[in-house]
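Below you'll find the structure, written out as structure tokens, and then a few comments.
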Amino acid sequence: MKLEQSEQWVLAIASGLALSVMGCGSTNDPEVAPPPPPVHWTYEGLEGPEHWGELATDYAACTSGTHQSPIDIPASIPAAPLDALAFHYAAAPATIVDNGHTVQVSLSDTSNELTVAGEAYSLLQFHFHAHSEHALNGAYKPLEMHLVHRSASGGLAVVGVLFDVGAANAALSAVFDTMGSATAEATALVAAVDPSTLLPHTTEGWAYSGSLTTPPCTEGVRWLVLTHGSSFSPAEIQRFARLYPLDARPVQPRNGREVLSSR
């Protein structure tokens, strides 16, 4: 992550809080070794997805896990309204960072929430993958956005929104205008971000149990993949592709998992 920030960053929050409770002085104790740097990984070559599970013990699930994401959603399971899904989003201050794997926008206000079957999850950040990570009957969309949420108990829910090529995306224009100058240091966006403007007009899609799509590939993630996302112009997609021409993990075996189109 550089410190690497991705879906993996969500898992680091709990351990970081634990260290802060122990006291700042503990990290200066010469008898206490500093934490090791994050293990480097990429989307190709010897550090690519097929080797993630070999790079670190903590990444073992990337190889041995049986409920991994993303997946290919077959045509036999058509999208349907996810009735138990409700968004409670409003404009909030945000920062942008290029974490070495994608461009990520983090919300400074945890009041933005998603509820699934009555369980609340706070929106932490959203980021992009090109091409899409989830496939629909073997076909990919040019871009997928992931909105990462965490519940009070530490559970994760990720909403994947699939985008087509078409008109420019006014809701994300400020983000795309800024991403070329984003660095590993978080920079405040001038205008607040309203996540509600990023969502499709309907909650049609699919739900399944999966994992983070980046190391450590932790399972138990509640996935909600929405279709009918809006569009990005070719120029906007190219703007992201210049930074990350391919930051998508290949689809993983379903291993008999149920994919629901109504939950």
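The values are calculated or read from the model by the stated rules, or taken from the named source; none is laboratory data. Computed from a prediction, not measured in an experiment: that's the story for all the values here. Every residue, glycine as well, gets a Cβ built from its backbone with ideal geometry; the counts of neighbours run over all protein chains shown.
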Q: Scan region 145-165 residue by residue and report those that are surrounded by fewer than 15 Cβ atoms within 10 Å (Cβ to Cβ) and either hydroxyl-bearing (S, T, Y) or out of contact with any strand residue (DSSP E or B) (no Cβ under 9 Å at 6 or more places or on another chain) (or both).
A: S153, G154
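Name every residue in region 52-78 that is among the aliphatic types (A, V, I, L, M) and within 17 Å of E133 (Cβ to Cβ), in order of residue number.
Within region 52-78, the first condition is being among the aliphatic types (A, V, I, L, M), and the residues that meet it are 55-56, 60-61, 71, 73, 75, 77.
Selection gives A61, I71, I73.
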Q: Name every residue in region 135-144 that is in a strand (DSSP E or B) and either buried (at least 17 other Cβ atoms within 10 Å of the Cβ) or in contact (Cβ under 8 Å) with a residue 60 or more places away in the chain (or both), in order of residue number.
A: A135, L136, L143, E144
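Among the residues of region 218-263, write down those that are among the acidic types (D, E) and more than 16 Å from the chain's Cα centre (by Cα).
Of the residues in region 218-263, the ones among the acidic types (D, E) are 219, 236, 247, 258.
Correct list: E236, E258.
Kindly check whether there is at least one residue in region 123-130 that is hydrophobic (A, V, I, L, M, F, W, C), touching a Lys or Arg at 6+ places or on another chain (Cβ under 7 Å) and crowded, with 16+ Cβ neighbours inside 10 Å. Steps first, answer last, please.
Let us first name the residues in region 123-130 that are hydrophobic (A, V, I, L, M, F, W, C), namely 123-124, 126, 128, 130.
Now restrict to residues that are touching a Lys or Arg at 6+ places or on another chain (Cβ under 7 Å): 124.
The next check asks that each one be crowded, with 16+ Cβ neighbours inside 10 Å; those that pass are 124.
Yes, region 123-130 contains a residue that is hydrophobic (A, V, I, L, M, F, W, C), touching a Lys or Arg at 6+ places or on another chain (Cβ under 7 Å) and crowded, with 16+ Cβ neighbours inside 10 Å.
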**Q.** Residue match in region 183-197 (condition: within 17 Å of L162 (Cβ to Cβ) and either of a type in the set (D, E) or in contact with a Pro (Cβ under 9 Å, 6 or more places away or on another chain) (or both))
**A.** no
Q) List, please: which pairs have Cβ atoms under 7 Å, are six or more places apart or on different chains, and start with a residue in region 166-183 that is surrounded by 19 or more Cβ atoms within 10 Å (Cβ to Cβ) and end with one that is in a loop (DSSP other than H, G, I, E, B)? A) N169/S230
**Q.** region 209-263, residues that are under 27 Å from A174 (Cβ atoms) and of a type in the set (D, E)
**A.** E236, D247
**Q.** Count - residues of region 175-196 that are farther than 19 Å from L124 by Cβ and among the small types (G, A, S)
**A.** 3
Q) Is it true that some residue in region 228-247 is buried (at least 17 other Cβ atoms within 10 Å of the Cβ), closer than 27 Å to P78 by Cα and modelled with pLDDT of 95 or more? A) yes
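What strands (runs of 3 or more DSSP E), lying completely within region 70-134, carry at least 2 residues that are within 21 Å of D177 (Cα to Cα) and in contact with a helix residue (DSSP H, G or I) (Cβ under 9 Å, 6 or more places away or on another chain)?
On the way: elements: 85-88, 94-98, 103-107, 113-116, 119-129.
The qualifying strands (runs of 3 or more DSSP E) are 94-98, 103-107, 119-129.
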Q: Assess whether T57 counts as being surrounded by fewer than 16 Cβ atoms within 10 Å (Cβ to Cβ) and free of Cβ contacts under 8 Å to residues at least 12 places away in the same chain.
A: yes
Q: Considering only region 73-99, state which residues are buried (at least 18 other Cβ atoms within 10 Å of the Cβ) and more than 20 Å from S151 (Cα to Cα).
A: I73, A79, I96, V97, D98, N99
